[in-house]
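A short worksheet on the structure shown next.
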Amino acid sequence: MKLSMNWLKDYVDRSFDPKEFSDKMTLTGSKVEGFEKLGEEIKNVVVGKLLSVEPHPDSDHLLICMVDVGKEEPVQIVTGAQNVKPGELVPAALDDSFLPGGVHIKAGKLRGVASNGMLCSLSELGLTLNDFPYADENGIFLLKEDCKPGDDIKDVLCLNDVAVEFEITSNRPDCLSIIGLARETAASFAVPLNLHTPVVNDGLYNGKTINDYISVTVEDSKLCPRYTARVVEDIKIEPSPKWLRARLRACGVRPINNIVDITNYVCLEYGQPMHAFDYNYLKGGKIVVRHAASGEKITTLDGVERNLNENMLVIADAERAVAVAGVMGGENSEIIPETKTIVFESANFNGPSVRITARDLGLRTEASGRYEKGLDRENTLPAVERACELIELLGAGKVVKGIIDVYPEKAPQNVIDFDPVKINEFLGTDVPLESMLDTFRRLEIKCENGKLYPPSYRADLEGMHDIAEEVIRIYGYDKIPSTMFSAQVSISGRTDRQQKIVSLNNLLTQSGFYEVQTYSFISPKYYDNISLAPDAPERDSVVISNPLGEDTSIMRTTALPSVLEVLSLNLRHRNKKCSIYENAKVYIKKPGEELPDERLSTVLAFYGNGDFYNMKGYAEQVLSLFGIEKTQAVSKTDLPYFHPGRCASLEGSDGVSYAVFGELHPTVAKKYDFDLPVYVCICDTEKLLGVVAEEKHYVPLPKFPAIERDLAFVCDESLSSGDIKNAIVKYGGKLLESVEIFDIYRDAKLGENKKSMAYSLMLRSPEKTLDDSDCDKIMYKILSGLERDFGITLRS
């Protein structure tokens with residue numbers, strides 16, 4: 001938002017140094033990006049009156065001009081322009097003058113004739129035909145202003161101005177206006193604010209009022225809370241006066257004609273976008289604010305035909321849409337040179353609705369940019385009145401008596417509790433009560449009975465924290481004393497869950513695994529890669545409603561495919577061995593609930609770094625970390641992604657399965673281009689985190705020696721080593737200290753579907769040294785129990 005300092009003087013009766021003004025406004029919350037002194041590059045250029053124009057003796061296109069520049073003696077200037085003649089007033093750049101772009105004019109000779117300056121064209125002064133429509137674009141600028149020879153050209157052309165550019169935040173749409181910035185200026189510098197109330201001398205036109213011209217219907221008051229309209233007859237479309245064009249130019253707006261310039265001027269001054277319709281093109285004398293019909297089209301003022309939908313709000317007449325509400329008018333009702341009657345629209349539209357419409361149409365305009373931030377409903381009437389006042393001031397038409405103002409419901413008044421003590425505690429300051437009340441007076445915030453009532457244009461003031469910000473920015477951030485940090489700091493640390501996860505990471509990295517991280521959203525094809533059946537429960541995944549694509553359309557129920565993708569990538573990059581793991585979130589649907597159960601799962605995978613038993617060891621270490629010391633491996637054959645004969649579930653003494661590990665199924669390995677064995681372990685980390693570790697008790701070192709016995713059994717191939725081990729523990733009693741399998745032997749001599757398994761048993765008594773007779777009794781119990789339970793005997 002650009003602010004003309006000359007325009008600001010209409011509301012704040014004080015002159016400001018641009019640097020001082022910019023610094024102060026920035027300190028009070030209105031950030032200034034910079035300022036530009038308009039016409040600063042123009043120096044020593046004055047109004048000159050042509051006294052005589054004679055041909056150059058040695059040129060057929062140069063002219064010798066004697067120019068009165070307000071000095072005792074006229075100056076001689078040679079020019080090549082052919083539109084000059086005696087008596088005309090022109091811009092004359094004298095000797096040692098400067099023009100925009102760093103052009104330096106010095107006295108010299110042209111074809112042997114002295115020239116003490118240069119007569120300037122419009123473009124050489126940095127201006128265009130929009131700024132001065134009467135000028136000759138290809139010749140010297142012949143002035144038609146009220147001026148005399150010697151006057152500074154910057155004063156004559158209204159170039160002595162400073163444009164200050166503000167960066168307005170989205171919560172302060174009121175500052176997207178001259179009046180809004182004038183309010184901020186008055187509050188920041190503690191000076192009076194002089195607001196102008198528009199005065200319109202409307203009257204009957206041929207005995208008619210506005211109701212004889214148009215009617216206004218608003219079908220959706222939520223999207224259009226207020227619609228105000230006025231009618232103007234006998235329109236005269238012509239260039240705007242110089243002062244109005246200069247103010248628009250200083251604010252970065254191109255002047256066009258008086259009607260368009262008035263709507264732009266009011267938009268800048270009040271921050272209220274306006275639109276003017278040609279009344280003759282409003283069918284049926286009706287304005288209807290409605291939703292667009294399905295398939296409806298409109299050609300906007302930029303000449304583009306646009307397709308509308310039912311969610312878009314349009315301004316329509318009795319037959320068709322004539323504008324896209326809050327975005328742009330239609331070509332079918334624009335102002336043309338023959339226009340004689342216009343309808344001024346000043347409306348308030350729902351910000352989110354305008355933003356969505358502008359986005360869907362790919363048409364973001366100055367009006368839509370303002371509406372989408374949320375404008376003050378109370379501003380529509382003063383804005384349209386100001387436009388009509390300017391119509392009369394410029395003699396551009398006659399305002400028809402009456403106003404149509406459809407305003408079914410006012411915006412609710414924000415009420416905020418005022419607690420000065422709480423505000424100071426929040427700010428960490430000691431701002432006096434009187435200073436706070438003075439701030440409220442400056443910002444037009446009414447304070448009554450301990451309540452604050454912000455003005456309608458300050459919808460951003462919603463609570464105590466907003467009021468505290470207003471208090472301190474006006475009081476002055478620079479007045480806050482420097483203090484030591486006074487807040488209490490609590491010493492914190494990781495939760496028990498976080499610490500366990502860190503310990504798990506440390507264990508696996510110390511074991512040679514590298515941590516990886518993959519996306520939680522995957523492709524349904526990932527389940528095919530690990531050979532899951534079509535009706536497998538793991539396929540029942542949470543589907544993302546707005547996925548980036550098919551490859552990221554569901555939330556994973558297992559992290560195995562993601563980890564295998566990373567492992568495969570390493571193999572393709574010729575890494576001879578690789579061990580990786582991921583602590584991955586998986587998402588399991590919960591019946592009857594919208595949100596899934598987010599569970600932590602740890603997946604380990606490697607190739608070239610060991611075999612089945614190495615992976616078993618890693619899995620046992622993980623369980624041991626969580627306090628599960630006694631484990632057993634139970635064969636599993638129902639998981640399609642594991643080798644059916646080389647997969648096991650690792651269970652605790654409570655029979656609960658905490659992990660499953662084994663060799664990757666050859667079919668799955670082939671899909672990932674593995675040409676060597678891959679070993680995988682999937683740990684239910686969420687379940688492990690819930691394990692309460694048993695209390696550890698001190699056990700003294702044994703006083704008596706242990707006795708070792710080795711037993712080898714012949715059993716059926718289907719019998720697992722774990723079942724035999726459990727039976728040995730069961731029948732071995734308290735004197736059996738440990739059991740470990742150390743050999744599995746298969747031979748045709750053992751019989752069909754038979755195998756031999758050998759176990760090492762350690763026996764020890766805490767009370768005495770065991771002898772052979774004690775051990776024989778224990779061996780007898782074990783052998784009898786095994787023969788009874790499984791029908792197995794010692795290998796001979």
Inset, instruction - Scan segment 505-546 residue by residue and report those that are of a type in the set (Asp, Glu) and either part of a helix (DSSP H, G or I) or at pLDDT 95 or above (or both). - result: Glu515, Asp528, Glu538
Inset, instruction - Would you mention how many residues in segment 153-199 are closer than 19 Å to Lys9 by Cβ, not in a loop (DSSP other than H, G, I, E, B) and not hydrophobic (A, V, I, L, M, F, W, C)? - result: 9
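Kindly evaluate Asp654 against the criterion of being in a loop (DSSP other than H, G, I, E, B), more than 30 Å from Val543 (Cβ to Cβ) and without any contact (Cβ under 8 Å) to a residue 60 or more places away in the chain. Break it down stepwise before answering.
Working: in a loop (DSSP other than H, G, I, E, B): yes; more than 30 Å from Val543 (Cβ to Cβ): yes; without any contact (Cβ under 8 Å) to a residue 60 or more places away in the chain: yes.
Criteria met by Asp654.
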Inset, instruction - Considering only residues that are under 37 Å from the mean Cα position of the chain (by Cα) and of a type in the set (Asp, Glu), look in segment 529-553 and name the one that is surrounded by the most Cβ atoms within 10 Å (Cβ to Cβ). - result: Glu538
Inset, instruction - Mind listing whichever residues of segment 416-453 are in contact with a Lys or Arg (Cβ under 8 Å, 6 or more places away or on another chain) and either outside any loop (DSSP other than H, G, I, E, B) or closer than 24 Å to Leu375 by Cβ (or both)? - result: Ile416, Asp417, Phe440, Leu443, Glu444, Ile445, Leu452, Tyr453
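Show me the strands (runs of 3 or more DSSP E) entirely contained within segment 706-778 in which 3 or more residues are more than 23 Å from Ala648 (Cα to Cα).
Values: elements: 707-716, 736-745, 754-763.
In segment 706-778, 707-716, 754-763 are the strands (runs of 3 or more DSSP E) which contain 3 or more residues that are more than 23 Å from Ala648 (Cα to Cα).
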Legend entry - Residue in segment 12-31 that is most open to solvent (accessible area, probe 1.4 Å), counting only those that are touching a residue at least 12 places away in the same chain (Cβ under 8 Å) and either small (Gly, Ala, Ser) or under 20 Å from Arg370 (Cβ atoms) (or both): Lys31
Legend entry - Residues located in segment 305-349, provided they are at negative phi, buried (at least 22 other Cβ atoms within 10 Å of the Cβ) and outside any strand (DSSP E or B): Met312, Ala325, Val327, Ser333, Phe349
Inset, instruction - With the condition kept exactly as written, say whether any residue in segment 230-245 is open to solvent by less than 20 Å² (accessible area, probe 1.4 Å), more than 30 Å from Asn130 (Cβ to Cβ) and part of a strand (DSSP E or B). - result: no
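Tell me the residue from Met484, Met464 that is out of contact with any helix residue (DSSP H, G or I) (no Cβ under 6 Å at 6 or more places or on another chain), open to solvent by 70 Å² or more (accessible area, probe 1.4 Å) and not basic (Lys, Arg), please. Spell out how you get there, then give the answer.
Working: Met464 fails: open to solvent by 70 Å² or more (accessible area, probe 1.4 Å).
Testing whether each residue is out of contact with any helix residue (DSSP H, G or I) (no Cβ under 6 Å at 6 or more places or on another chain), open to solvent by 70 Å² or more (accessible area, probe 1.4 Å) and not basic (Lys, Arg) leaves just Met484.
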Inset, instruction - Filter segment 554-602 down to residues that are under 31 Å from the mean Cα position of the chain (by Cα), farther than 20 Å from Leu532 by Cβ and surrounded by fewer than 18 Cβ atoms within 10 Å (Cβ to Cβ), then give me how many there are. - result: 4
Inset, instruction - Output the qualifying pairs, or none if there are none: Cβ atoms under 6 angstrom, residues six or more apart or on different chains, first residue in segment 664-690 and under 22 Å from Arg574 (Cβ atoms), second residue small (Gly, Ala, Ser) and surrounded by fewer than 17 Cβ atoms within 10 Å (Cβ to Cβ). - result: Val668/Ser531
Legend entry - Conditions (1) under 29 Å from Gly150 (Cβ atoms); (2) open to solvent by 20 Å² or more (accessible area, probe 1.4 Å); number of the one not met by Leu50: (2)
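The values are calculated or read from the model by the stated rules, or taken from the named source; none is laboratory data. These numbers come from a predicted model, not from an experiment. Every residue, glycine among them, receives a Cβ derived from its backbone with ideal geometry; neighbour counts consider all protein chains shown. Ligands, DNA and RNA are stripped out before the accessible areas are found, and what is left, the full protein with its side chains, is counted by its heavy atoms. Shrake-Rupley method; radii C 1.70, N 1.55, O 1.52, S 1.80 Å.
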